[in-house]
Amino acid sequence: MNKLFSLLCFVALSISSLCAQNINFNNSWKFYNNKAEGAENTSFDDSKWRDLNLPHDWAIEGPFDVKYNARAGGLPFHGTGWYRKHFKMDANAKGKVVSLEFEGAMYNAHVWVNGQFVGKRPYGYIGFEFDVSKYLKYDGSDNVVAVRLTPEDLSSRWYPGAGLYRSVWLKIDNPVHVKQWGTFITTPTVTSKIGVIQNETTVVNKSNINATVTVKQEYFNAENKLVATETEDITVKANGTAVSALYTKIKNPLIWDTETPHLYNAVTTIISGNEVLDTYKTRFGIRSIAYTKDGFFLNNKPIRFNGVCLHHDNGALGSAVYRRADERKLQIMKSMGVNAIRTSHNPPSREFLELCDELGLLVQDEAFDVWKMEKVPNGYNVFFEEWGARDIKDMVLRDRNHPSIVMWSIGNEIIEQKDKKNGWKTAKMLNDYVKELDRTRPTSAGFNNYSGPYDNNMAQQVDIAGVNYKPTKYSEIRENYPEMPLYGSETSSCTSSRGVYHLPIEKYKTHESKHVTSYDLIGPPWAYPPDVEFHFQEQNPHSMGEFIWTGFDYLGEPTPYGGKDNSTNGYWNADWPSHSSYFGAVDLCGFPKDRFYLYQSQWTTKPMIHLLPHWNWQGMEGQTIPVYCYTNCDSAELFVNGKSMGKRVKGKDLTELKVDFLRYEPKTFKSKYRLSWDVPYEAGTIKVVGYKNGKQILEKQINTAGKPAKVSLSVDREEINANGEDLAYITVRIEDKNGNLCPNADNLVNFSVKGAGELLAVDNGNQTSLESFQASHRKAFSGMCLAIVKASNTAGKITLYAKSKGLKSSKVDIVSK
């Protein structure tokens, strides 16, 4: 939802005329990372402060240090940070409503304009807006906005980031205009012949005179063709609001779903006589959702959640929101077979939801990780009493027009599950707040304390009770609560490090390397391999599916390493330098781990096959190497140096797994979801061939690599936008002379960039690496690393160079348009 504008007339920091209503305010800020007495005042001297553009996460710049909590990434996200921006307002803006909108500020934001305190907002994940009209000077002199952020240590169970990490906007409106997040579009009837569009628009009047205006609703398809129009006259009382409620019918609508996510635009125009007072754009989709005890239905078709939980950071970029970073993340998830995202455990960015709309991903939008009872000493619980109602309402108001959102979550693993007296009351309160603003979607919460929330009437306060890590209880819940819909809101929690294989496979304990084997068997005490969830989902067809923990690795929470109970030098730092997640099916760089392919083998139908481990086991000749195959083929045959090791039939030939299952003693679990062979090691080639209906359809081969010989580069997109924020991701591989990945290589790679762009960040997915994400070099991890290049505002060619001592160097060209 955005104000429409035809042209941005910002020249430097000055508005030359009022042809824009919504002006991006991201450029030319001053930043200081420390306390600064009097920095809110106009006269404060900020000339020596750092110049930067938003979005900005100061903590990702580091450095890593053992004095910071590995639980939150081992990075300096807490302290005080100041941002200041100087700008001029045109005299024509006087008498208008001028607002500053912050899409997210991490956290405990306090805002001043020209030395006057405007307001505060503690929760870093929700956007907010302040009317600053009365604080501004319109005579061409300098205006200053100052923002102070004071994120605290022990305030989060993961890496939250710090700073103005989402966009800021300067909004200029007439006194009568569409309220912030003021449209609510629903589609009560959806068929292939007719789509009924219901549009409730809240108009605000900030003048002292009653206003009678015409509200005009126009609907455009993706080709910008007008498909429907409706109008209504309403009276908006002075300093009040009024709601226009209109409906229209669109013939033969293009329906939004996961395969064809068609989108429409509604343009709301507020007219007084012949004068246009406001235009407001809302993107939406025409679709229907329904939940029953037997499942979830999208457009009357049953669909299961092949879902992942995602934290908000993007690895080397921290929490700073770059549209391309989220787009790439979601595209990688879709290629794994994912159709649903749980935004764990907070409202995501606007861009993230827009991308889910565009890509056809279903979303559970989650509000909180904590209510009144704490998980960490300085968590959101300290703000909940004052701000909880406002924050959850604003989440719903902001996000309710996104067709991708199919469920609201009011909380995750809330400690109040144990509160038999009052926990259900808080759940009911939050549920009621959501229903007050949106009755078209169900509410949910992730419960991990079965059977507590069911016994104490808490689970009954939401429409759908999510179940965390209790697959063996699905049938019991169904029996005890036969009318309640069911799904796995958080599942598996398997851990691994990309490309790392320990022999013998470690079972139920951590490894001295601070890495976890990629055989996809290991996790913390509550965890279990994906195969277990697959099994119980099959056994319980009424379940709506699962959301695995997690799709991507994320900064902080380095389980199964660390742990506050073992720490001697701080909170969660017992196994330093381990400081980031092992849970992801994809690592911090976006490189798939083996587990990615295990899920892909269950969640996709296009033939695929994957083979592990690597085949570089020098010094272990003759010793047995477990070889796994993940595939959606009917069967697979393994060859070692051309010799068949036998064919395995999926569903018939089971792989025996030793698992630490749900806090019980280790036991054997026989999996039909992976094929396996025990192979005496000999250097050369292993190859797996996949068959469907007895016919060979594809194969995968791994060669024993020789010595590292060259750096190989590949870029995700050869063309990017010259807009100062678009990104190119360059995958770096250390290869032997024949182009084989060297799986144990850790060569240092140095980067440089020439042309119309800059090196923004580097990474390698190593959960124990203390190398700076901001450096111009990075060691390879398991033979790979990553460089991220950002476009400038100037079109042209960008060239990234990669060099490593003793290896053949490489370069890649990117065109910025």
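Numbers for the structure displayed
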read-out: Filter result for the condition that a residue is crowded, with 22+ Cβ neighbours inside 10 Å, within 17 Å of TYR481 (Cα to Cα), among the aliphatic types (A, V, I, L, M) and not assigned by TED's automatic domain parsing to the domain that holds PRO188, over ALA445, ALA427; value: ALA445
read-out: Members of the range 612-652 found to be buried (at least 16 other Cβ atoms within 10 Å of the Cβ) and outside any strand (DSSP E or B), listed by number; value: PRO613, HIS614, TRP615, ASN616, TRP617, ASN632, CYS633, ASP634, LYS650
read-out: Those residues of the range 158-175 which are crowded, with 22+ Cβ neighbours inside 10 Å and in contact with a Ser or Thr (Cβ under 9 Å, 6 or more places away or on another chain), in sequence order; value: TYR159, PRO160, GLY161, ALA162, GLY163, TYR165, ARG166, LEU170, LYS171, ILE172, ASP173
read-out: Given (1) in contact (Cβ under 8 Å) with a residue 40 or more places away in the chain; (2) more than 17 Å from the chain's Cα centre (by Cα), number of the condition GLU385 does not satisfy; value: (1)
read-out: Cross-chain or 6+ apart pairs with Cβ under 7 Å, the range 24-46 first and touching a residue at least 12 places away in the same chain (Cβ under 8 Å) and in a loop (DSSP other than H, G, I, E, B), then crowded, with 17+ Cβ neighbours inside 10 Å and among the small types (Gly, Ala, Ser); value: ASN26/SER167; ASN33/GLY81; ALA39/ALA146; GLU40/ALA146
read-out: Qualifying residue in the range 382-390 (condition: outside the structural domain of ASP257 (by TED's automatic domain parsing) and in a loop (DSSP other than H, G, I, E, B)); value: no
read-out: Selection within the range 223-239 - hydrophobic (A, V, I, L, M, F, W, C) and closer than 21 Å to HIS262 by Cβ; value: LEU226, VAL227, ALA228
read-out: Strands (runs of 3 or more DSSP E) completely within the range 658-726 that count 1 or more residues being modelled with pLDDT of 95 or more, closer than 30 Å to PRO525 by Cα and of a type outside the set (S, T, N, Q); value: 675-680
read-out: Total residues in the range 517-565, condition among the β-branched types (Val, Ile, Thr) and either at pLDDT 95 or above or in a strand (DSSP E or B) (or both); value: 3
read-out: Index of the failed condition, TYR691 passing every other in (1) within 30 Å of GLN618 (Cα to Cα); (2) surrounded by 15 or more Cβ atoms within 10 Å (Cβ to Cβ); value: (1)
read-out: Within the range 744-763, tally of residues that are under 30 Å from TRP617 (Cβ atoms) and crowded, with 20+ Cβ neighbours inside 10 Å; value: 4
read-out: Number of positions in the range 302-327 that are in contact (Cβ under 8 Å) with a residue 40 or more places away in the chain and either under 30 Å from LYS249 (Cβ atoms) or of a type in the set (A, V, I, L, M, F, W, C) (or both); value: 10
read-out: Yes/no for GLU725 being without any contact (Cβ under 8 Å) to a residue 12 or more places away in the chain and not basic (Lys, Arg); value: no
read-out: Among the candidates HIS511, HIS515, HIS502, residue that is buried (at least 19 other Cβ atoms within 10 Å of the Cβ) and either within 24 Å of the chain's Cα centre (by Cα) or not assigned by TED's automatic domain parsing to the domain that holds PRO302 (or both); value: HIS515
read-out: Test: residue in the range 793-803 that is aromatic (Phe, Trp, Tyr), on the phi < 0 side of the Ramachandran plot, modelled with pLDDT of 95 or more and within 25 Å of the chain's Cα centre (by Cα); value: no
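The values are calculated or read from the model by the stated rules, or taken from the named source; none is laboratory data. Computed from a predicted structure; not experimentally measured. FYI the Cβ positions are ideal-geometry reconstructions off the backbone, even for glycines, and counts take in every protein chain you see.
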